Amino acid sequence: MKKDNSYYLIIICFIFCTNVFAQIPAAPFNKTWKKVDILSDEFVGNTLDETKWDDYHPHWSGRPPSEFKKGSAYVEGGYLKLKSTLKKDPSTVNNPLEDIWVNSAACVSKGWDAKPGYYYEARFKASSLSMTSSFWFRVGSFSEIDVIEHIGNPSVERRQNDLPFEYAANTHYYGKHAGLKNKKATWKMPERGRDDFHTYGFWWKSANELLFYYDGKEVMKIVPRVPLDENLKMIFDTEVFPFAQAGVPNIGLPKVENLNDNSKNTMLVDWVRVYELTDKAKLEDTVSFKDAPTIINQSNEYSFNVEYVASEDREIVVGFYKNGKWVASKKEKVNEGIGIEKITVNLPDLPEIGKGYSYKLHIRPLNSTWREAIDTEDIENVEVVKQFITDGTYFINSVQNEQRLLARALESHSARMHGVARFDDQKWIFKRIEKNVYTIKNKGTKRYLEVPNRKCVNGANVATWTSANENHQKWIVVENGNGVYGLKPLHCENLGLDVSAGAIDANVQIWSYDVNNRNQKWRIVEVESVANRNIINSDFETLVNDKKQIVFYPNPSKEKIVVSGLEKGDDISIYDLQGKKVKTLKSNREKEEITISDLSQGIYLIKINNKAPFKLIKN
């Protein structure tokens, strides 16, 4: 299938995300991988980047009986395609082993930019021909490195059991080292190279150590006969190998019918990515509260989300104070990096209702005290109240039928009951106005729960509106059992939110409030916030979505992202962390490129067909 702290966030996420998606080896201590753009290409769209590539081999015409044809390497549909075709019928040439009758393909980097120290990887699917699908380096004065020369479909039947599974790497020596025997390595793949895409990696770790990878796993090593320390060009190509030469045994000539079959005659390259090692950026320790409330419900414990940057393993301490005096605190260890840590402070006694409270936060070296604090933040003027529901996002569940309240345009924004799901139109944002009076906003539609036309009679319909300035758009929350609440419209306090007749999929109305009426009993259940996930443990970039794998890259990104694994007609939506939809489009192909340069820096969520989200970091 196809596919503040922002500076530090980019650095750390690059380290982690690169390892996840590119499958590259772990970087040495105090080093990180950085992409080499001149040798990397996602092959998006339908045009080969002529600043990076030649669509033929400018230094070699090819291996008889094949010959490179200019233009046989091209980009189409998000792939680099290397198509081998029939130039003339082999029966019309004198010697089909030496005379040219096959058009082969080559794509060669413009410059001599490949060098020792880099990690190279390409994801491709081999052709189904008795020809090579190759990824290699040459055009120096004395050396050649073949990452893989793979025979997708040998014409010699007895070789069908070995060559289509063979990952063959090789080194050759020329010029001042002419006469040295080639040195190769082979590894048996778990499936044939022509059957699916796989990632073939090569770490030119040094002039004397070459490591080869299959889908991120090291499988072979070659110690060359002489140091390979010259810059080379990177090459993708197809060739006919009729004899036991260049380390490839006799495989037979390609079949004419296969050369004429577009489902068999093309090597498909999804992408190529190259990385170099650079020094890891030094982080500066910082710490801050993330959305800490200044009005809190009376409780024996309080949880805080703390954003941090740690240059090495550190301790973070959150303290709870009353009139400047310490009440309680909690210390947590965090690892080097950037993240959001949830810290819960347990109080010895229930705090008194009132003002004068504060939070104090600091980050410090391990096994030290507050005196060694590196960075701090204090939040003053905190008030403790008797509040049934804290500000946040909730599901509103009926005790009577266990369905959830929703409102959507499909039913003209009327409030009604629906089976349990996690759609945004079943999520409600509670915001306290005073005491236990709230506005209740639908996360999906951004409309507020209200009693239309200020009605105050039994059976009045409940719906949503675009604002919440009037009392009929505000709700009083009252306790009505253990974890159960009633909801009363502020303009009409003797009535309550009610499931009409307690029926399944019923409309919601207001009715005379009765603490014993199960149709008026509601469980208000907090929704886990995606925004509170630790940003290092990113699990959204690759997702099984409706039994298909969706991938997007690069992440972080500044200008554009690519989403692959799509189907035509898929809805792609980007949201900010407040739930606002900031960009939407409908896919026309399996891989879409999306411009994000117009978005502000920060974290966003990408949803495909409104399913579970990916996390995107915008540089």
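The values are calculated or read from the model by the stated rules, or taken from the named source; none is laboratory data. All figures in this text were calculated on a predicted structure; none of them were measured in a lab. Glycine also receives a Cβ, built like all others from the backbone with ideal geometry; neighbour counts cover every protein chain displayed. Please note that ligands, DNA and RNA were not included when accessible areas were found on the heavy atoms of the full protein model with its side chains. Shrake-Rupley method; radii C 1.70, N 1.55, O 1.52, S 1.80 Å.
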- Query: Is there any pair linking a residue in region 28-42 that is modelled with pLDDT under 95 to one that is assigned to a strand (DSSP E or B) and loosely packed, with under 14 Cβ neighbours inside 10 Å, with Cβ under 7 Å and at least six apart or on different chains, and which?
  - Reply: N30/D279; K31/T278; K31/D279; T32/T278; K34/T278
- Sole residue being modelled with pLDDT of 95 or more and more than 20 Å from H413 (Cβ to Cβ), chosen from N458, N480, N534: N458
- Kindly check whether there is at least one residue in region 148-162 that is within 30 Å of K31 (Cβ to Cβ), in a strand (DSSP E or B) and modelled with pLDDT of 95 or more. yes
- Could you tell me whether any residue of region 130-144 is farther than 26 Å from I24 by Cβ and in contact with a Lys or Arg (Cβ under 6 Å, 6 or more places away or on another chain)? yes
- Query: Can you list the strands (runs of 3 or more DSSP E) found entirely within region 422-491 that contain at least 3 residues being within 36 Å of the chain's Cα centre (by Cα) and over 21 Å from Q509 (Cβ atoms)?
  - Reply: 428-434
- Query: Which of (1) within 28 Å of G565 (Cβ to Cβ); (2) buried (at least 22 other Cβ atoms within 10 Å of the Cβ) is the odd one out, the single condition A114 does not satisfy?
  - Reply: (1)
- Query: Only one residue in V451, V384 is touching a Pro at 6+ places or on another chain (Cβ under 6 Å), β-branched (V, I, T) and under 29 Å from G502 (Cβ atoms), so which one is that?
  - Reply: V451
- Task: State all residues of region 364-377 that are among the acidic types (D, E) and open to solvent by 80 Å² or more (accessible area, probe 1.4 Å); if no residue qualifies, say none.
- Result: E372
- Note on the structure: Flagged in region 94-103 as at pLDDT 95 or above and not polar (S, T, N, Q), in numbering order, are I100, W101, V102
- Does E411 satisfy the criteria of being in contact with a strand residue (DSSP E or B) (Cβ under 9 Å, 6 or more places away or on another chain), surrounded by fewer than 18 Cβ atoms within 10 Å (Cβ to Cβ) and modelled with pLDDT under 95? yes
- Message: When you scan region 381-391, do you find a residue that is surrounded by fewer than 15 Cβ atoms within 10 Å (Cβ to Cβ), part of a strand (DSSP E or B) and in contact with a strand residue (DSSP E or B) (Cβ under 8 Å, 6 or more places away or on another chain), even just one?
- Response: yes
- Scanning region 99-122 for residues that are over 18 Å from D49 (Cα atoms) and either among the aliphatic types (A, V, I, L, M) or part of a strand (DSSP E or B) (or both) gives I100, V102, N103, S104, Y119, Y120, E121
- Of K52, K88, the only residue that is in contact with a strand residue (DSSP E or B) (Cβ under 7 Å, 6 or more places away or on another chain) and either crowded, with 20+ Cβ neighbours inside 10 Å or at pLDDT 90 or above (or both) is K52
- Going through region 163-181 in order, the residues found to be out of contact with any His (no Cβ under 9 Å at 6 or more places or on another chain) and either part of a strand (DSSP E or B) or of a type outside the set (D, E, K, R) (or both) are F165, A169, N170, T171, H172, Y173, Y174, G175, H177, A178, G179
- By residue number, the members of region 572-597 that are open to solvent by 10 Å² or more (accessible area, probe 1.4 Å), within 25 Å of G77 (Cα to Cα) and either outside any strand (DSSP E or B) or of a type in the set (A, V, I, L, M) (or both) are L585, N588, R589, E590, S597
- Item | Close pairs (7 angstrom Cβ cut-off, 6 or more residues apart or separate chains): surrounded by 15 or more Cβ atoms within 10 Å (Cβ to Cβ) in region 598-611, part of a strand (DSSP E or B) and among the small types (G, A, S) anywhere | K607/S573
- Task: Among the residues of region 460-482, write down those that are open to solvent by 40 Å² or more (accessible area, probe 1.4 Å) and in contact with a strand residue (DSSP E or B) (Cβ under 7 Å, 6 or more places away or on another chain).
- Result: N461, W465, E479
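Yes/no matrix, rows are residues, columns are (1) surrounded by fewer than 17 Cβ atoms within 10 Å (Cβ to Cβ); (2) under 38 Å from the mean Cα position of the chain (by Cα); (3) not charged (D, E, K, R):
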site: D37; (1), (2), (3): yes, yes, no
site: G45; (1), (2), (3): yes, yes, yes
site: E76; (1), (2), (3): yes, yes, no
site: K83; (1), (2), (3): no, yes, no
site: E98; (1), (2), (3): yes, no, no
site: N103; (1), (2), (3): no, no, yes
- In region 503-517, residue nearest to E411 (Cα to Cα) [restricted to those that are surrounded by fewer than 16 Cβ atoms within 10 Å (Cβ to Cβ) and of a type outside the set (S, T, Y)]: D505
- Message: Please pick out the residue among S133, S141 that is touching a helix residue (DSSP H, G or I) at 6+ places or on another chain (Cβ under 8 Å) and either in a strand (DSSP E or B) or of a type in the set (S, T, N, Q) (or both).
- Response: S141
- Mind checking which pairs have a first residue in region 112-126 that is farther than 15 Å from K34 by Cα and at pLDDT 95 or above and a second that is assigned to a strand (DSSP E or B) and hydroxyl-bearing (S, T, Y), Cβ under 6 Å, 6 or more apart or different chains? A122/Y200; R123/T199; A126/S133
- Quick one: which of D546, D539 is of a type in the set (D, E), within 11 Å of the chain's Cα centre (by Cα), surrounded by fewer than 17 Cβ atoms within 10 Å (Cβ to Cβ) and modelled with pLDDT under 80? D539
- Within region 365-378, can one find any residue that is in a strand (DSSP E or B), modelled with pLDDT of 95 or more and on the phi > 0 side of the Ramachandran plot? no
- Message: So, restricting to strands (runs of 3 or more DSSP E) that lie completely within region 264-327, which ones have at least 2 residues that are over 28 Å from the mean Cα position of the chain (by Cα) and surrounded by 15 or more Cβ atoms within 10 Å (Cβ to Cβ)?
- Response: 295-297, 314-322
- Item | region 55-74: number of residues that are at pLDDT 95 or above, open to solvent by 40 Å² or more (accessible area, probe 1.4 Å) and farther than 18 Å from A126 by Cα | 8
